[in-house]
Amino acid sequence: MPDQRAEDEENPPTVIAVASQKGGVGKTVTTVNLACRLAMAGYDVAVLDLEPQAQAGSALGVELTGDLIRRSLGLVLQHTVQNVPSAAVTEIMFDASEVLSQYEDAGKLFVIASEESTMTAAQNVFITQPFTATPTLRRMILSQLTGVVDCVIIDTPPAVSSLNALAIAASDYVLTLCNPEYQTVKGAFLLKPTVEAMAELTRGECTPSYLGSIFNISNPESKRTNQDVAIHNSMVRGGLLPFVTDIRKDTRISESYLHKRPAVVRYLKHAPGKQYTALVEEILERIGSPAPEWKVAAEWAESDVEAAEESVDA
């Protein structure tokens with residue numbers, strides 16, 4: 001994994017959206033862990049929270065209450081699309097680098113935070129706008145964050161919405177997630193063509209690329225079920241380009257939310273940290289190489305499940 005920033009500070013940030021049209025797949029947890037791991041490698045990273053529930057900010061210790069609501073991204077989006085003077089993105093974002101204080105060579109970590117009422121209002125405003133307003137967030141990122149951060153990771157709402165369209169249009173790359181539940185695969189299949197259609201819908205202004213799918217909250221190999229295998233294999237056969245690294249079910253990942261420090265920060269040398277590190281390395285490899293050269297997860301054999309079940313029965 002690269003461990004230093006690009007020398008050209010005029011390069012625009014790389015923007016990655018973590019998206020799915022199904023809730024509960026782990027978008028927020030994935031967003032903050034990927035962002036932290038990139039920052040731990042020396043990159044300056046901004047977590048951009050488009051989710052009205054504002055969980056990405058909360059996971060990093062940023063919550064907008066009282067007067068801080070004025071620093072909501074939702075408020076800035078409303079003002080921007082309505083041509084009302086608003087604060088710059090750099091004026092509303094929070095420096096959350098303290099989360100990484102135990103890592104001496106870490107880059108900076110910022111949060112561009114959400115708040116429920118203002119982000120919901122922003123969503124309603126964009127519903128009434130023509131599709132020409134969809135690149136609004138991308139324009140904001142390119143004009144205001146170039147030279148400020150190396151990477152922006154966007155946490156998105158769990159449904160088809162105007163905010164989801166903003167996130168996809170703003171992105172260079174889009175990741176999706178599936179869990180060991182059949183309905184999550186459908187959400188991923190619906191997302192991919194949306195990404196591929198964005199260039200035409202925005203007349204070439206926004207050209208996001210689908211980067212792949214993550215099998216999240218998966219069972220360890222010794223506990224895989226036939227459903228696990230069927231879902232994983234449908235991801236492979238359906239062209240969702242699953243990463244080789246899957247993120248295993250682990251209570252340390254979920255409980256880290258309470259500590260305001262993602263699992264990759266708290267458990268770098270343990271299973272959660274190793275998995276997110278390997279996943280980030282795969283993501284960077286895909287970004288840096290043409291799609292035909294990507295390493296994609298192979299299908300799993302049902303015989304492995306049968307063998308595991310036989311060992312338990314024995």
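No value in this document is a laboratory result; all are computed from the given coordinates. In this text the structure is predicted, and so the values were computed from the model without any measurement. Cβ sites come from the backbone with ideal geometry, for glycine too, and all protein chains shown count toward neighbours.
Descriptive notes on the structure:
- The set of residues in the stretch 31-51 being surrounded by fewer than 24 Cβ atoms within 10 Å (Cβ to Cβ) and either among the hydroxyl-bearing types (S, T, Y) or part of a strand (DSSP E or B) (or both) is empty.
- Top-ranked residue of the stretch 56-74 - restricted to ones that are in a loop (DSSP other than H, G, I, E, B) and of a type in the set (S, T, N, Q), ranked as farthest from V125 (Cα to Cα): T65
- Some residue of the stretch 75-90 being out of contact with any helix residue (DSSP H, G or I) (no Cβ under 9 Å at 6 or more places or on another chain) and either aliphatic (A, V, I, L, M) or in a strand (DSSP E or B) (or both): no
- Only residues that are over 15 Å from R138 (Cβ atoms), among the polar types (S, T, N, Q) and not in a helix (DSSP H, G or I) were counted across the stretch 192-214, and they come to 1.
- In the stretch 243-259, of all residues being in contact with a helix residue (DSSP H, G or I) (Cβ under 8 Å, 6 or more places away or on another chain), part of a helix (DSSP H, G or I) and of a type in the set (S, T, N, Q), the one that is surrounded by the most Cβ atoms within 10 Å (Cβ to Cβ) corresponds to S256.
- Residues located in the stretch 243-278, provided they are free of Cβ contacts under 8 Å to residues at least 40 places away in the same chain and of a type in the set (K, R): R248, K249, R252, R266, K269, K274
- Of all residues in the stretch 91-110 being in a helix (DSSP H, G or I) and out of contact with any Phe, Trp or Tyr (no Cβ under 9 Å at 6 or more places or on another chain), the one that is surrounded by the most Cβ atoms within 10 Å (Cβ to Cβ): V99
- First in the stretch 132-158 and of a type in the set (S, T, Y), second anywhere and surrounded by fewer than 18 Cβ atoms within 10 Å (Cβ to Cβ) and in a loop (DSSP other than H, G, I, E, B), Cβ under 7 Å, 6 or more apart: T146/E10; T146/P12
- A residue that is loosely packed, with under 14 Cβ neighbours inside 10 Å, outside any helix (DSSP H, G or I) and in contact with a helix residue (DSSP H, G or I) (Cβ under 8 Å, 6 or more places away or on another chain) occurs somewhere in the stretch 260-282.
- Restricting attention to the stretch 216-242, the residues that are in a loop (DSSP other than H, G, I, E, B) and either closer than 24 Å to R286 by Cβ or without any contact (Cβ under 8 Å) to a residue 40 or more places away in the chain (or both) total 6.
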